[in-house]
Amino acid sequence: MTDVPSGKAFANPDPRLGAYAEKLLAPVDDVLSSALQRCRAASLPAIEVNPMDGRHLEVLVRATNARTVVEVGTLGGYSGICIARALPDDGRLFTCELNPRHAAVARENFRAAGVDAKVELLVGPAAETLGSLAEKGPFDLVFIDADKLGYPAYALWAQEHLRVGGTLVADNTFAWGLVLQEKIDIPDHALAAKAMRAFNEAIGRNPRFRTTLFPTGEGLLVAVKIH
Ligand code: SAH
Ligand code: MG
C-alpha cells in the first residue's frame with residue numbers, strides 16, 4: 001500500500017459543474033420527462049435516480065453490451081427506461097418491485113416509452129421474485145436500488161447470478177452519508193447504515209469482483225465480476 005498522496009480529488013465539489021454537465025447532456029428528454037410527470041401525478045415518492053445517474057445507467061448498459069439486466073427497485077420506471085432503451089431489441093430487463101401501485105405506474109411508463117416489449121415487471125418482495133429469476137440467468141448486469149436492508153442479500157444473489165464479466169451497479173451506497181456516522185440515534189437509520197456498510201464491504205472487498213465507487217451524490221457502486 002502506497003501512502004503517496006494523490007494530487008487529484010475524488011469528486012468535484014463545485015455544484016455548478018453538475019449543472020454544466022446537465023445542460024450539456026440534457027439527460028431528461030421528452031420520454032423521461034413524461035415518465036416523471038406520471039410518477040408525480042400518481043404521488044409516487046420522488047426518489048428515482050438523479051437524471052445524470054439515469055444517463056450513467058444508460059451508458060453503462062450500452063458500454064457493456066448487456067442483453068439481460070435485472071433491476072431491484074422499479075418505482076415508476078425512470079431508471080428502467082434508461083436501462084431498457086440501451087438494450088438491443090431482443091434484450092430483456094427484469095425489474096422487481098414490491099409495491100403494486102408503483103408497478104402500475106411503471107407499466108404505463110414503459111409502454112409510453114416504447115420499451116414494454118423488452119421489460120418484464122416482477123411484482124412482490126425481491127427476495128422472492130429474484131428466486132424465480134434464477135433459471136433465466138446468468139445475467140449481464142444487475143442494478144440494485146431498492147430497500148437498503150435488502151442490499152446484502154441482493155449482493156449475494158448478484159454474485160451467484162451474474163455471468164463472469166458481468167456488471168453490478170448499486171445506487172445509494174453512501175446511504176446519505178450514514179456510512180460515515182459512528183453514532184446513529186434513529187434506529188432505522190442505524191440499520192440502513194449497517195446494511196449498506198455490509199453491502200459495500202461484501203462487494204468492495206470481494207476477490208470475485210473488481211469494484212469502483214463513483215462519487216455521485218448518492219454513491220454509485222460499479223463492480224465487474226471477474227471470477
Ligand atoms: N430505480 C428506481 C427507484 C427505486 S426506489 C428509479 O430510479 O427510477 C426503490 C423502490 O424499491 C420503491 O419503489 C420500493 O417500493 C421498492 N422496494 C422496496 N422494498 C422492496 C422489496 N423488498 N422488493 C422489491 N422492491 C422493493
Ligand atoms: Mg436510489
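The values are calculated or read from the model by the stated rules, or taken from the named source; none is laboratory data. Just so you know, these numbers come straight off a predicted model, no measurement behind them. Virtual Cβ from ideal backbone geometry, glycine too; neighbours counted across all protein chains shown. In case anyone asks, the SASA skips ligands and DNA or RNA and just uses the protein heavy atoms, side chains included. Shrake-Rupley method; radii C 1.70, N 1.55, O 1.52, S 1.80 Å.
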Please work out whether the range 1-157 counts as rounded, prolate or oblate from its C-alpha gyration tensor, where a ≥ b ≥ c are the square roots of the eigenvalues and a/c under 1.5 means rounded, while otherwise a/b larger than b/c means prolate and anything else oblate?
-> oblate
So for the chain, taking the charge dipole from beta-carbon charges (+1 Lys/Arg, -1 Asp/Glu), which of Asn206, Val169, Ala113 sits furthest toward the positive end?
-> Asn206
Rounded to whole Hz and in sequence order, give me ³J(HN,Hα) for the range 66-81 from the Karplus expression 6.51 cos²θ - 1.76 cosθ + 1.60, θ = phi - 60°, writing x for Gly and Pro.
-> 5, 10, 10, 10, 10, 10, 10, x, 8, 6, x, x, 4, 5, x, 5
Mean accessible surface per residue for the chain, computed with a 1.4 Å probe while every protein chain stays in place, in Å² = 53
Chymotrypsin sites (Phe, Trp or Tyr not before Pro) within the range 1-88: DSSP coil, no more than 15 neighbouring Cβ in 10 Å = Phe10
Loop-located GluC sites (Glu not before Pro) in the range 136-206 whose Cβ has at most 15 other Cβ within 10 Å (DSSP) | Glu182
If you place +1 on the Cβ of every Lys and Arg and -1 on the Cβ of every Asp and Glu, how big does the dipole about the Cα centre of the range 14-111 come out, in debye to the nearest 20?
-> 120
List the trypsin sites (Lys or Arg not before Pro) within the range 124-184 that fall in a DSSP loop (any state other than H, G, I, E or B) and whose Cβ has at most 14 other Cβ atoms within 10 Å.
-> Lys183
Taking the highest mean first, how do the peptides 206-217, 50-61 order by number of other beta carbon atoms within 10 angstrom per residue?
-> 50-61, 206-217
Does the range 71-154 come out rounded, prolate or oblate by the C-alpha gyration tensor, with a ≥ b ≥ c the root eigenvalues, rounded set by a/c under 1.5 and, if not, prolate when a/b is larger than b/c and oblate if not?
-> oblate
If a/c stays under 1.5 just call it rounded; otherwise compare a/b with b/c (prolate if a/b is bigger, oblate if not). Do that for the range 68-108, with a ≥ b ≥ c from the square roots of the Cα gyration tensor eigenvalues.
-> prolate
Percent accessible area from carbon and sulfur atoms, the chain, protein chains only, probe 1.4 Å = 57
The summed charge of the Asn200 Cβ neighbourhood (under 12 Å; Lys/Arg +1, Asp/Glu -1) stands at +3
May I ask you to list the lysines whose Cα is less than 16 Å away from that of Lys23, ignoring any residue fewer than eight positions away on the same chain?
-> none
Cβ-based net charge around Gln181, under 12 Å, with every Lys or Arg adding one and every Asp or Glu removing one = +1
Theoretical gain in end-to-end length, Arg205 to Arg101 [0.36 nm per residue, Cα-Cα removed] | 33.7 nm
For Arg208, which sequence-distant residues (separation of 5 or more, or a different chain) have an amide H within less than 5 Å of its own amide H, given hydrogens modelled in the peptide plane?
-> none
